[in-house]
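Student: A single structure is presented below for examination.
The values are calculated or read from the model by the stated rules, or taken from the named source; none is laboratory data. Small disclaimer: the values here were computed from a predicted structure and weren't measured. Reconstructed Cβ throughout: ideal geometry from the backbone, glycine too, with neighbour counts over all protein chains shown. For accessibility, only protein heavy atoms count, side chains too; no ligands or nucleic acids. Shrake-Rupley method; radii C 1.70, N 1.55, O 1.52, S 1.80 Å.
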Amino acid sequence: MSQVEAVGPSRPQTVAAGPRRGTPAGFLALFLSELGLTFRRMRTIALLGVLALVPILIGVVVKIETGDTNGRGGGPAFIAQVTQNGVFLAFTALVVSLPVFLPMTVGVVAGDSVAGEATSGTLRYLLVAPAGRTRLLAAKFAAAMAFCVAATLAVALSALLIGSILFPLGQVTLLSGDTISLGSALLRVVLICAVVALSLAGLVAIGLFVSTLTGSGIAAMATTVGLVIIVQVLDSFPQLHAVQPWLFTHHWLSFADLLRKPMYWDQVWQNLGLQALYVAVFGSAAWARFTSRDITA
Amino acid sequence: MTQSPTLETTEGGRTAEAGAAPAGGAPVIRTQGLTKRFGGGQLAVDGLDLTVPRGSVFGFLGPNGSGKTTTIRMLMGLIAPTSGVATVLGESMPQATSLVLPRVGALIEGPALYGYLSGRDNLARFDAADPTADPRTRKARVGAALERVGLSAAAGKKARAYSLGMKQRLGLAAALLQPRELLVLDEPTNGLDPQGMREIRALVREVAAEGTTVFLSSHLLDEIEQVCTHAAVMSKGRLLVQGTVAELAARAQGRLVVRTPAVAKAAEVLREHGVTDVRPAEGRVDGALEAAGDELLPGLCAALVAAGVPVHGFGVERGTLEDAFVALTGEGFDVAG
């Protein structure tokens with residue numbers, strides 16, 4: 001029987017002695033790592049690519065349609081504006097993406113965040129590292145919010161680019177009829193991107209919560225995206241008038257109020273307040289679930 | 001390394017105080033009445049009293065499904081015990097995970113990696129998860145860990161392109177990113193070829209020689225015999241026995257083995273001379289010796305020769321852990337139902 005050699009005096013003692021202290025840099029490392037993990041993944045790049053295609057599609061279709069009728073076509077208010085000014089393609093693209101495309105991609109990223117790690121088994125190694133369950137959840141939330149910003153920017157920047165190619169640029173006529181300079185119009189694009197990205201915070205929290213419930217990444221993604229669809233369907237029934245203001249999708253399109261002069265903030269604040277409420281409720285639920293759960297995957 | 005003296009069989013897994021620490025002081029792992037009952041009512045671990053001395057290479061042995069991995073998950077704070085106490089490095093788990101786990105390296109139920117990241121980036125990711133790890137030294141520590149498990153050449157490859165053996169090594173590298181007081185390895189040689197197994201065992205010995213306590217679970221008896229100083233045997237969620245490997249193996253009685261072409265004749269002679277449980281086989285006969293067996297040996301040998309048996313070989317084979325295990329459980333080493 002060969003047993004382990006005795007610890008000789010010549011052997012170097014490289015064993016850690018006593019607890020080590022965490023550092024702020026070490027604490028933040030997981031957040032940076034999480035960001036890197038999200039944005040270096042092919043899946044994320046593909047999702048952003050799909051989102052960037054939406055404005056290109058809208059721009060090309062509008063260009064072809066209006067080429068014949070010389071700008072007298074009907075359609076939604078925004079679409080008509082696009083032919084006057086390329087900047088409006090950014091607003092139009094955000095209005096079109098916000099109900100479906102943006103929440104779908106966010107649902108994939110947020111839904112997969114914890115469950116995907118459980119599926120691959122990396123969750124147990126993160127936790128014995130030890131990542132700390134609260135810290136890991138916070139890092140996942142931060143990375144998903146960063147994705148919301150990136151997704152919104154992918155739509156807006158792609159729209160500005162294609163809009164400037166296909167349509168004239170210049171002074172922008174707002175929904176209220178006032179005209180503002182191109183510079184202040186671009187500032188409004190930035191402001192609206194921020195509001196749109198924050199509008200998705202409630203969904204991120206829901207996705208994170210769903211993600212802590214299951215060990216299957218696919219199931220969590222499907223559930224989160226399914227919830228978005230169900231909630232939007234509920235939002236369209238007049239009979240559910242009473243609960244609709246509390247649905248997280250209800251005020252999403254209120255960002256159009258920022259395209260007036262002066263800007264109407266009431267609906268926008270309601271939207272952001274509701275998102276904060278969802279983050280508080282579902283964030284707490286996710287935390288309660290994740291910190292008490294047995295990790296058997 | 002001084003080995004601990006006592007060996008006690010646990011009755012119903014309740015009375016073990018065996019394997020007390022040698023000079024090293026407080027045990028690295030200590031559990032008292034540790035029990036885990038899963039949601040379905042299934043009792044995975046039942047009243048486990050385990051003591052892992054500091055500086056030991058502790059073999060945690062048992063068939064698949066005997067509760068080894070559940071125990072390890074409780075020790076690592078991944079699952080909460082239903083009842084009982086688990087103490088790791090002097091702190092109780094799972095409450096003190098943030099204090100204890102930076103000093104522990106672990107490989108649990110096989111490696112798990114990000115397939116779309118390179119080996120090096122996988123290690124950086126796991127290192128970033130530890131808040132006590134210094135980001136400034138990360139690159140150097142990752143490089144050293146890769147070097148140590150022999151993966152430097154493949155460090156830039158995506159982990160999904162790794163073979164199982166390479167994944168296992170990368171998992172081990174993650175456990176060695178920092179100097180550790182305790183290394184917990186759950187079936188570290190699973191899926192490895194014999195050469196890979198040898199290398200992993202050599203690495204375990206090397207780490208142990210540096211003073212790290214190693215807690216090694218396995219269902220391979222010879223693996224435990226080769227690398228461990230201490231061992232515990234689990235079966236159906238209970239601890240059957242714990243002690244030093246030498247003591248455990250000594251519990252198994254040695255067997256007398258006679259190598260001869262005249263199997264039938266030899267068996268007959270042995271039976272006549274008081275050898276029990278005689279089993280003839282191809283070219284050899286073996287049998288159980290009683291307690292005073294050693295004094296009988298010269299007489300037995302002479303008797304065989306006198307009976308005209310051509311003796312090619314004659315001797316006592318030392319007991320193995322496997323014999324001890326069979327003696328303890330009265331069962332083979334199969335998957336627990």
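Student: Which numbered condition trips up A:A154, out of (1) facing another protein chain (nearest Cβ under 9 Å); (2) surrounded by 19 or more Cβ atoms within 10 Å (Cβ to Cβ)?
Tutor: Result: A:A154 passes all but (1).
Student: Return yes or no: is B:R141 free of Cβ contacts under 8 Å to residues at least 60 places away in the same chain, more than 26 Å from the chain's Cα centre (by Cα) and either crowded, with 16+ Cβ neighbours inside 10 Å or within 11 Å of chain A (Cβ to nearest Cβ) (or both)? I'd like the intermediate steps shown before the answer.
Tutor: Values: free of Cβ contacts under 8 Å to residues at least 60 places away in the same chain: yes; more than 26 Å from the chain's Cα centre (by Cα): yes; either crowded, with 16+ Cβ neighbours inside 10 Å or within 11 Å of chain A (Cβ to nearest Cβ) (or both): yes.
When the stated conditions are applied, B:R141 passes them.
Student: Test B:G55 against the criterion of being within 9 Å of another protein chain (Cβ to nearest Cβ) and closer than 27 Å to A:T119 by Cβ, and give yes or no. Spell out the reasoning first.
Tutor: On the way: within 9 Å of another protein chain (Cβ to nearest Cβ): yes; closer than 27 Å to A:T119 by Cβ: no.
Against the criterion (within 9 Å of another protein chain (Cβ to nearest Cβ) and closer than 27 Å to A:T119 by Cβ), B:G55 does not qualify.
Student: Under the condition of being over 18 Å from A:S120 (Cα atoms) and of a type in the set (S, T, Y), which residue from segment B:149-191 is farthest from the other protein chains (Cβ to nearest Cβ)?
Tutor: Among those residues, the one meeting the criterion is B:S152.
Student: Same structure again: I'm trying to understand the selection: among the residues of segment A:157-177, which are of a type in the set (G, A, S), under 18 Å from A:V62 (Cα atoms), in contact with a Pro (Cβ under 9 Å, 6 or more places away or on another chain) and open to solvent by 10 Å² or more (accessible area, probe 1.4 Å)? Before the answer, list the steps.
Tutor: In the first step, residues of segment A:157-177 are kept if they are of a type in the set (G, A, S); the result is A:158-159, A:163-164, A:170, A:176-177.
Imposing the further condition that a residue be under 18 Å from A:V62 (Cα atoms) reduces the set to A:158-159, A:163-164.
Checking the rest, the ones that are also in contact with a Pro (Cβ under 9 Å, 6 or more places away or on another chain) come to A:158-159, A:163.
Within segment A:157-177, A:S158 is the sole residue that qualifies.
Student: Still on this model: When you go through B:L185, B:L172 one by one, which is the residue that is in a strand (DSSP E or B), modelled with pLDDT of 85 or more, closer than 15 Å to B:L107 by Cα and among the aliphatic types (A, V, I, L, M)?
Tutor: Numbers: B:L172 fails: in a strand (DSSP E or B).
Matching residue, one of B:L185, B:L172: B:L185.
Student: Among the residues of segment A:126-150, how many are among the aromatic types (F, W, Y) and open to solvent by 20 Å² or more (accessible area, probe 1.4 Å)? Outline the logic, then answer.
Tutor: First, pick out the residues of segment A:126-150 that are among the aromatic types (F, W, Y): A:141, A:147.
Restricting the remaining residues to those that are open to solvent by 20 Å² or more (accessible area, probe 1.4 Å) gives A:141.
Summing the residues that are among the aromatic types (F, W, Y) and open to solvent by 20 Å² or more (accessible area, probe 1.4 Å) in segment A:126-150 gives 1.
Student: Would you point out which residue out of B:L240, B:L297, B:L256, B:L216 is surrounded by fewer than 19 Cβ atoms within 10 Å (Cβ to Cβ) and of a type in the set (A, V, I, L, M)?
Tutor: Working: B:L240 fails: surrounded by fewer than 19 Cβ atoms within 10 Å (Cβ to Cβ); B:L256 fails: surrounded by fewer than 19 Cβ atoms within 10 Å (Cβ to Cβ); B:L216 fails: surrounded by fewer than 19 Cβ atoms within 10 Å (Cβ to Cβ).
Of B:L240, B:L297, B:L256, B:L216, the one residue that is surrounded by fewer than 19 Cβ atoms within 10 Å (Cβ to Cβ) and of a type in the set (A, V, I, L, M) is B:L297.
Student: Right, something else. Test of understanding: among A:V50, A:V87, A:V7, A:V95, which residue is more than 30 Å from A:A142 (Cα to Cα) and either within 14 Å of chain B (Cβ to nearest Cβ) or modelled with pLDDT of 85 or more (or both)? Give the derivation first.
Tutor: Working: A:V50 fails: more than 30 Å from A:A142 (Cα to Cα); A:V87 fails: more than 30 Å from A:A142 (Cα to Cα); A:V95 fails: more than 30 Å from A:A142 (Cα to Cα).
Of A:V50, A:V87, A:V7, A:V95, the one residue that is more than 30 Å from A:A142 (Cα to Cα) and either within 14 Å of chain B (Cβ to nearest Cβ) or modelled with pLDDT of 85 or more (or both) is A:V7.
Student: If you scan segment B:74-93, which residues turn out to be open to solvent by less than 40 Å² (accessible area, probe 1.4 Å) and either within 7 Å of another protein chain (Cβ to nearest Cβ) or at pLDDT below 90 (or both)?
Tutor: B:M76, B:L78, B:I79, B:M93
Student: Look through B:R201, B:R271, B:R279 and report the one residue that is closer than 23 Å to B:F60 by Cβ and basic (K, R). Spell out how you get there, then give the answer.
Tutor: Working: B:R271 fails: closer than 23 Å to B:F60 by Cβ; B:R279 fails: closer than 23 Å to B:F60 by Cβ.
The conditions single out B:R201.
Student: Could you tell me whether any residue of segment B:314-332 is open to solvent by 40 Å² or more (accessible area, probe 1.4 Å), modelled with pLDDT of 80 or more, farther than 19 Å from B:A250 by Cβ and in a helix (DSSP H, G or I)? Can you show your working first?
Tutor: Taking segment B:314-332 first, the residues open to solvent by 40 Å² or more (accessible area, probe 1.4 Å) are B:314, B:316-318, B:320, B:322-323, B:326-328, B:330-331.
After this cut, where a residue has to be modelled with pLDDT of 80 or more as well, the list is B:314.
Those still in the list that are farther than 19 Å from B:A250 by Cβ too: B:314.
Those still in the list that are in a helix (DSSP H, G or I) too: none.
No, segment B:314-332 has no match at all.
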